[in-house]
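Written below as structure tokens is the structure these notes are about.
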Amino acid sequence: MIVLGIETSCDETAASVVSGKKILSNVVFSQIDVHKEYGGVVPELASRKHIECISQVIDLASKEAGVALSHLQGIGVTRGPGLIGSLLVGIGAAKAMALGLNIPITGVNHLHGHLFAVFLENEGIEFPFMGLVVSGGHTSLYLVRNFFDIERVGKTRDDAAGEAFDKVAKLLGLGYPGGVAIEGLVQDSDSDGLRLPQALLEKDNFDFSFSGLKTAVLRQVENLFGRKSATGRPGSFYPICAENMDTDQGIGIKKIAAAFQDSVVQVLAKKAVNAAKYYNCKQLVICGGVAANRALREKTISLACSARVQVLFPSFGLCTDNAAMIAVRAEDLLSAGFVDDLSFDAKSRW
Ligand code: KG4
Ligand code: ZN
């Protein structure tokens, strides 16, 4: 089946053609330049940019795949979760194409897309597997029993891990997106003995919490810079621009960033491996934007190796938001008869 996938849940406008779990094209237009001056995604700007780009991105995906639109056999589009205005742009385009081309359409859960991206690059995946989706909006563990029986067994009680990376990077004046900025800064440094909290590490607890860690970072920053109140409220800071990393403050920022990344990595790796063991899964899939983090990859592989669990990560480009993961998921759904009629809506939460 030749399927077009469309993804517009956040700040990437993406389209991809997939057939038989093989990627024929995978086009991603990132809006990072639009949002970086705000230190995070501005929903209204995101939807406007999707509207500007969506047709060209779809055309490019069709051209790069060498598949004319008239040869498409199905369409999958992200239905949620995500920013409602952004989702509606992709869904509108997908419905118009399904109607015009007279082909079936299915609304795809973005998180299931992340989980099943791994099928684009691996053949030996066995059910049940444990999946950790760790992105800017979500940090959840899923027991995947088969293609259509997916149970969430743990989730964050407050911030998502990627959100914590983004907020901490903003606080440290490191730019957006935070995960890439923090990983880049700390690759040749360590926390110099600084230890920050690791929450909810009891063996059979599969929930996450990162807000205490975020507050601990704030306290460390206060120790370094003193209290600078931007709004008169305690604990609120002007963004601190760490221009010179060789100063005492620059070295302090690196140390805090390294300790922060270490805490997040330890918690994610330990919980994911524990969950795989608890639910008797031989394989652990780690996906979503934060799965691009090399320290997380190394830590999880070493813990999983001792627990005799195999860890699978999508390649870097398939960790962050893309439409190939939506197309591959749509291929499974459409082949099994999960076709939506044109009245389906967007779901900001799912
Ligand atoms: O999956 P994704 O592209 O979008 C969502 O669905 O949220 O994930 C984006 C998140 C951002 O919070 C970003 O800071 C984080 O993934 N991220 C990383 C890295 N690359 C992206 N976090 C840690 N290390 C990275 N290398
Ligand atoms: Zn995502």
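Laboratory data are not the source of any read-out in this text; all were calculated from the coordinates shown. All values derive from a computational prediction rather than experimental measurement. In this analysis, Cβ positions are derived from the backbone assuming ideal geometry, glycine residues included, and neighbour counts consider all displayed protein chains.
Computed quantities for the displayed model
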{"quantity": "Residue among H114, H50, H35 with the largest mean-square fluctuation in a Gaussian network model of the chain, springs linking Cα atoms under 10 Å", "calculated": "H35"}
{"quantity": "Candidate lysines - alpha carbon under 19 Å from K347, same-chain residues fewer than 8 apart omitted", "calculated": "K95, K155"}
{"quantity": "The chain: angle of helix 294-306 to the longest principal axis, Cα-based, in degrees nearest 10", "calculated": "80"}
{"quantity": "Extreme residue, positive dipole direction of region 43-123, given options F119, Q56, G85 (C-beta unit charges)", "calculated": "G85"}
{"quantity": "Normalised contact order of the chain, rounded percent, pairs of Cα under 8 Å and 6 or more residues apart", "calculated": "25"}
{"quantity": "Simple Cβ-charge dipole of the chain, Lys/Arg +1 and Asp/Glu -1, about Cα centre, in debye nearest 20", "calculated": "760"}
{"quantity": "Most positive-pole-ward Cα, P128, A181, Y142, against dipole of region 112-181 from beta carbon charges", "calculated": "A181"}
{"quantity": "Sorted by Cβ neighbour density within 10 Å, fewest at the top, the residues D246, D192", "calculated": "D246, D192"}
{"quantity": "Span from the region 284-350 Cα centroid across to the region 91-158 one, whole angstrom", "calculated": "6"}
{"quantity": "Under 18 Å from the Cα of K170 - lysines, other chains or at least 8 residues apart", "calculated": "K36, K214, K228, K254, K255"}
{"quantity": "Ranking of L296, L342, L218 by count of other Cβ atoms within 10 Å, fewest first", "calculated": "L342, L218, L296"}
{"quantity": "Under the Karplus curve 6.51 cos²θ - 1.76 cosθ + 1.60, θ = phi - 60°, whole-Hz ³J(HN,Hα) for region 179-194, x wherever Gly or Pro sits", "calculated": "x, 5, 5, 5, 4, x, 5, 9, 5, 10, 9, 10, 7, 6, x, 6"}
{"quantity": "Quarter of Cα convex hull surface for region 250-350, i.e. mean projection, nm²", "calculated": "9.5"}
{"quantity": "Viscosity 1.306 mPa s, 10 °C: Kirkwood-radius Stokes-Einstein D of the chain over Cα pairs, µm²/s", "calculated": "76"}
{"quantity": "Among Q31, Q266, Q187: highest mean-square fluctuation, GNM of the chain, C-alpha pairs under 10 Å", "calculated": "Q187"}
{"quantity": "Over region 153-194, relative contact order from alpha-carbon pairs under 8 Å, at least 6 apart, %", "calculated": "25"}
{"quantity": "222 nm mean residue ellipticity, helices alone, for the chain (DSSP H n ≥ 4; -39,500 (n - 2.57); rounded to 500)", "calculated": "-13500 deg cm²/dmol"}
{"quantity": "Candidate aspartates and glutamates - alpha carbon under 16 Å from K282, same-chain residues fewer than 8 apart omitted", "calculated": "E123, E126"}
{"quantity": "In region 1-102, the trypsin sites (Lys or Arg not before Pro) that fall in loop regions by DSSP, at most 16 other Cβ within 10 Å", "calculated": "K21"}
